[in-house]
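The values are calculated or read from the model by the stated rules, or taken from the named source; none is laboratory data. Source: prediction; values computed, not measured. A quick note on method: Cβ atoms are made from the backbone with ideal geometry, for glycine too, and the neighbour counts reach across all protein chains shown.
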Amino acid sequence: MDAARQALSGVASGGPDTPIAECGPGDELAVRPVAARRRILPVVEVLALGLALILPLILQDYLTVFATRVVILALFALSFDLVWGYAGIMSFGQALFFGSAGYGVALLARDLDVTSILLVLPAGALIGLAFALLLGGFLLLGRHPSSVIFVSLGTLTGSYAADRLARGWYYLGGQNGIPSIPSMTLGSYEFEEGAVFYYLALGILIVVYLLCRILVRSQFGLALAGLRENERRIAFFGYKVQHLKAIVFAVGGTIAGLAGSLYAFHEGFVWPNMLGVVFSTQVVLYALFGGSGTLIGAVIGAVIIEGASFWLSDNYRDIWPIILGLLLLLVILFRPLGLISFVLGERERVGGFGRPPKRTR
Amino acid sequence: MANAFVASFEILSFGAIIVLVVLGLGIIASMMGIFNFAQGEFVLLGAYVTYLAYSKGLPVWVGMLAAPFLVGALGFVLEALIIRRFYAAPIVAMLGTYALGLIIRECVRGLIGGLYISVPEPIGGSIDFGAVHISAWRSTIIAVTGVVMAGCYLLLSRTSFGLRVRATLENPALARASGISTSAIYGAAFAFGAALAGLAGALIVPVFSLFADLGIRFLIQGFVAVMVGGVGSFIGPVAGAGVIGTLSAALPWVMAPVVADVLVFVLAIAFIKFRPQGLISGKGV
Amino acid sequence: MSIERTHQTRRRFLSNFAFASGAIATGLGSWVIRPDWANAAEPPIKVGIATDLTGPIGYAGNADANVAKMVIKEINAGGGLLGRPLELYIEDTASNESVAVGNVRKLIQRDKVDMVLGGITSSMRNAIKDPIVVRGKTLYIYPQLYEGKECTPYLFCTGPTPAQQCDEFIPWLIKNGGKKFALPSANYVWPHLLNEYARKVIESNGGEVVFEEYYPLDQIDFSATVNRIMTNKVEVVFNTVIPPGVGPFFKQLYEAGFQKNGGRLSCVYYDENTLNINQANEIEGLASCLDYFKVLTRDDPVSAKIQSAYDKDFPGNFLFAAGSAATGTYRGLKLWEAAVKEAGKVDREAVAAALDHAKIAEGPGGPAEMVPGKRHCKMKMYTAVAKGGNYEIVGRSDGLVDPKEC
């Protein structure tokens, strides 16, 4: 792993920062002198956490329910940011894992009467993991390394095919989906929508977020960072690039599955759109909007887009999809690094491992 | 016997439609390396222009003639303003064109109000061979597709403009060094891709009726077709479209339509996995 | 006379403006319509409408919202209900179940409506019924023709059921078409359950189902199906393919010569809206069975009154038609009004008990009455045939047809 650290610092210090390929032209890179660097990311995270904790106390009932849904979607967005922001896999099919877990737990509840939280949440995560291993294994592993385009189209197709299958399969309810899912239970207590469910979802989000943080700051995360910077170089150092990607993909799928099972019980129904391309693309947009490669960016993106849709659909009933599309286009054009780039420097996105090298006079 | 003939005709006509839609997508993907998620919406615009002309009292074929030019012009403008910023980042391009497609689709939905509108065919009725009836309009679509493909091929292989396009396709840096304005070529290519989509939309609107989600239907099939056929050449996407179109139309004859649906995609992805360069690899015509 | 008219138009303008400004000015509580004479003495009764104002089903949802506005205005003009004014809250379910659930929660938790009417597709009904009936403990009326088997308590259905659409229609089809039936269908719940019932009626009337097939919702190429229909010499096509596939399907069927060879095309959701999907000659002779057709206005004064009131207030693309749940919405609101009057109060238990056996003498297409204990509605059914782009009534039910549900 020291080799990776060397490779990374070889890039980070020395000459100008290597721009990441996803930057658009004309994007400013915040190159600050090392000595004056402040760490803004933890500040952002703490602020977000504080706001999230007090939200139910200041919002009306139905808005708390809405906020719970946003928290679950933020968890979903997190899964995508992990695979794209940290491993460079453009997965257009995260909804496949999200939706399959949702359907899985819905079937458990409908056919086997299983609603205990201790069973359904792990079940959802496992279903997500299984599908991610299957799809990821097929798309990523193999004799020739797969191109980025192939993986993204492969995941897109996977999501689309699952949507069509669910739409056509009567056992899964076809186009209607599976309605009237009973509430999640813990013993005899039922998790109804409201403040309790909100804190449950928030708690899960915080735990998963912290785990992701630990993952990307670990040795494994260093290898991932090297992967993002320069795949070939990391491969030459001896890392099995495809295996690394597959592992991250599987973790992302697990998180998406967890989010999916929460969503199913919170909304009370599952339907084919949960598996489909629109949902998949939505989560990509959350991460892009907020800022990929920062974890908190995905959360922020989800909050902003969902909040904006909510407000717009109230006030500009007929044209809100157009306005949303315009906003997204503007962000993609002019702030491809996401909204968080307004406050966050370039270095905090991927690097930031350990202390910066001391300047010698 | 007649059965087989009808079956082949239907499969051929559906394949021709897919080829038209995918041709533009393939050209844009081969030339600029980006997948245009708004291609389906260009098809929708072509259909809409045709409907608009018809609803104003003009004959349908006038609208059909105008559609490719109008949509191509829009494509040119969009390329200059928006699309060209994406060339360095193909992934972001997919998202940007997705947002663009969303805007176009919702605008059209606002204009036609979520209804399904029918437009009559300029050449209606059927051609009878004894007991077998085949649609005259669908035959026209096959004919037009053939002409368009032949025209494209001739343009690319016999004209000096085509030569410049091929040069840009094979080696953009060298082309630029040789004095060819690649950005103009890219603009023309995008406009042409959009125009093809517009033409496809205009031709298919009598068959499929106009509705706001018309474009989405072809999008995924289009991408898969391009990948199966092979990015980088002209004939690649055509071949891919032919294969996907034929499979999609033929499989429901032999199995349950729902299974056939999913199977086409599974087969396509598996094929691409084991032959990543597609059916026809290599650049050029 | 002319001065009065100017005053009328000015008052009309102001009242419309008041409606509109009331609607705009409420900010986050957007689409609310309050009557002119709302006063503080009597608290208003809140009616919630959750329907698809945007998205593919928007053509139907907007018609339903318009009907609701019309009916509520009429009731308010007559002094309200129980002396209290009615307030209308409209939320958009956007043809999107996730968005719908969020917006329905607004109706229940923020606006605290006394009743919700809405949902058009069955998947929408399934998505929003839980937040309304179970978690929201509110009465829910579903106005659209559907597949039946919805027996949730406090959920009342005022649209036609398979029994109502098939019991009289299929014998007519056998008499005016033939005995060999084909059931090409879209692959989702409504066609599955409808076909199950239709098959029973077909076979008990001496008919035969040659094949029953299901296609993905966006399939647009039906050559295999048309071929099967022609080679098996099918006489009646009982179609449940829906847009976008239905247009190409009917066109391909026509081009293959189905009608020329004497075949009868039938489709039980076809109303005035769907006539525009194909050219008139392609669907000549198509038979449909619904609770209302616009051509009824010629000889039914009640229907004429309702239709003309709607057309006056809402000229444009959103038609008052039976396939878009517009008639079911009208029926549902009037039945609810009758139930509230009988119950004397608005709380769910009392109204549900009264609604259980509510009757109205005047509705589009005829009177209607709820079947006690079943939460479904008896109504008159009409068989109509498309001729030259318009419908002609060829059959009427003798009385009110039983929904035979629950």
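Numbers at a glance
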| quantity | calculated |
| --- | --- |
| Among residues of segment C:246-259, those that are more than 9 Å from every other protein chain (Cβ to nearest Cβ) and either in contact (Cβ under 8 Å) with a residue 60 or more places away in the chain or surrounded by fewer than 23 Cβ atoms within 10 Å (Cβ to Cβ) (or both), counted | 3 |
| Among the residues listed as B:V119, B:V49, the single one being crowded, with 21+ Cβ neighbours inside 10 Å, assigned to a loop (DSSP other than H, G, I, E, B) and more than 16 Å from the chain's Cα centre (by Cα) | B:V119 |
| Filter result for A:G260 (under 30 Å from A:S180 (Cβ atoms), within 14 Å of chain C (Cβ to nearest Cβ) and crowded, with 24+ Cβ neighbours inside 10 Å) | yes |
| Within segment A:187-203, considering residues that are part of a helix (DSSP H, G or I) and touching a helix residue (DSSP H, G or I) at 6+ places or on another chain (Cβ under 7 Å), the one farthest from the other protein chains (Cβ to nearest Cβ) | A:L202 |
| Complete set of residues in segment C:147-173 that are surrounded by 20 or more Cβ atoms within 10 Å (Cβ to Cβ) and in contact with a Gly (Cβ under 6 Å, 6 or more places away or on another chain) | C:T158, C:G159, C:T161, C:P162 |
| Residues that are closer than 21 Å to C:I45 by Cα and either more than 13 Å from the chain's Cα centre (by Cα) or not in a loop (DSSP other than H, G, I, E, B) (or both), drawn from segment C:137-169 | C:K137, C:T138, C:L139, C:Y140, C:I141, C:Y142, C:Y154, C:L155, C:F156 |
| Top-ranked residue in segment C:114-136 [being in contact with a Phe, Trp or Tyr (Cβ under 8 Å, 6 or more places away or on another chain) and either part of a loop (DSSP other than H, G, I, E, B) or closer than 19 Å to C:L355 by Cα (or both); ranked as nearest to the other protein chains (Cβ to nearest Cβ)] | C:K129 |
| So B:Y54, is it assigned to a helix (DSSP H, G or I), within 14 Å of chain C (Cβ to nearest Cβ), touching a Gly at 6+ places or on another chain (Cβ under 8 Å) and buried (at least 21 other Cβ atoms within 10 Å of the Cβ) | yes |
| Hits in segment C:87-113 - residues which are touching a helix residue (DSSP H, G or I) at 6+ places or on another chain (Cβ under 8 Å) and part of a loop (DSSP other than H, G, I, E, B) | C:T93, C:A94, C:S95, C:N96, C:D111, C:V113 |
| Pick from segment B:28-44, criterion closer than 18 Å to B:S233 by Cα and not β-branched (V, I, T), ranking: surrounded by the most Cβ atoms within 10 Å (Cβ to Cβ) | B:N36 |
| Qualifying residue in segment C:345-355 (condition: under 14 Å from the mean Cα position of the chain (by Cα), closer than 19 Å to C:T161 by Cα, buried (at least 17 other Cβ atoms within 10 Å of the Cβ) and not polar (S, T, N, Q)) | no |
| Verdict on B:N36 being more than 19 Å from B:M149 (Cα to Cα) and within 21 Å of the chain's Cα centre (by Cα) | yes |
| Residue among A:L215, A:L285 that alone is of a type outside the set (G, A, S), away from every other protein chain (no Cβ under 14 Å) and within 24 Å of A:V44 (Cα to Cα) | A:L215 |
| Qualifying residue in segment C:366-389 (condition: among the aromatic types (F, W, Y), more than 17 Å from the chain's Cα centre (by Cα) and buried (at least 17 other Cβ atoms within 10 Å of the Cβ)) | no |
| Residues being at pLDDT below 85, in contact with a Phe, Trp or Tyr (Cβ under 8 Å, 6 or more places away or on another chain) and either more than 10 Å from chain A (Cβ to nearest Cβ) or not in a loop (DSSP other than H, G, I, E, B) (or both) - total across segment B:253-271 | 2 |
| Residue match in segment A:241-259 (condition: of a type in the set (G, A, S) and without any contact (Cβ under 8 Å) to a residue 24 or more places away in the chain) | no |
| Residue match in segment A:246-266 (condition: modelled with pLDDT of 85 or more and outside any helix (DSSP H, G or I)) | no |
| Candidate set from segment C:190-244 (those that are free of Cβ contacts under 8 Å to residues at least 12 places away in the same chain and either within 12 Å of chain B (Cβ to nearest Cβ) or closer than 23 Å to C:I277 by Cα (or both)); member that is surrounded by the most Cβ atoms within 10 Å (Cβ to Cβ) | C:A224 |
| Members of segment A:292-322 that are within 9 Å of another protein chain (Cβ to nearest Cβ) and among the β-branched types (V, I, T) | A:I319, A:I322 |
| In segment B:181-212, residue nearest to the other protein chains (Cβ to nearest Cβ) [restricted to those that are within 24 Å of C:K251 (Cβ to Cβ) and not in a helix (DSSP H, G or I)] | B:S209 |
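One line per residue, one yes/no per condition, for (1) farther than 16 Å from C:D291 by Cβ; (2) among the polar types (S, T, N, Q):
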{"residue": "C:T383", "(1), (2)": "no, yes"}
{"residue": "C:E392", "(1), (2)": "yes, no"}
{"residue": "C:G395", "(1), (2)": "no, no"}
{"residue": "C:P403", "(1), (2)": "no, no"}
{"residue": "C:C406", "(1), (2)": "yes, no"}
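Every residue, every condition in (1) more than 29 Å from B:F274 (Cα to Cα); (2) away from every other protein chain (no Cβ under 14 Å); (3) part of a loop (DSSP other than H, G, I, E, B), yes or no:
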position	(1), (2), (3)
A:F131	no, yes, no
A:G136	no, no, no
A:G142	no, no, yes
A:T157	no, no, no
A:Y171	yes, no, no
A:Q175	yes, no, no
A:T185	yes, yes, no
A:L210	yes, yes, no
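Residues checked against (1) over 26 Å from C:Q144 (Cβ atoms); (2) of a type in the set (G, A, S); (3) in the same structural domain as C:N126 (by TED's automatic domain parsing):
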position	(1), (2), (3)
C:I170	no, no, no
C:G177	yes, yes, no
C:P184	no, no, no
C:N187	no, no, no
C:W190	no, no, no
C:E212	no, no, no
C:R228	yes, no, no
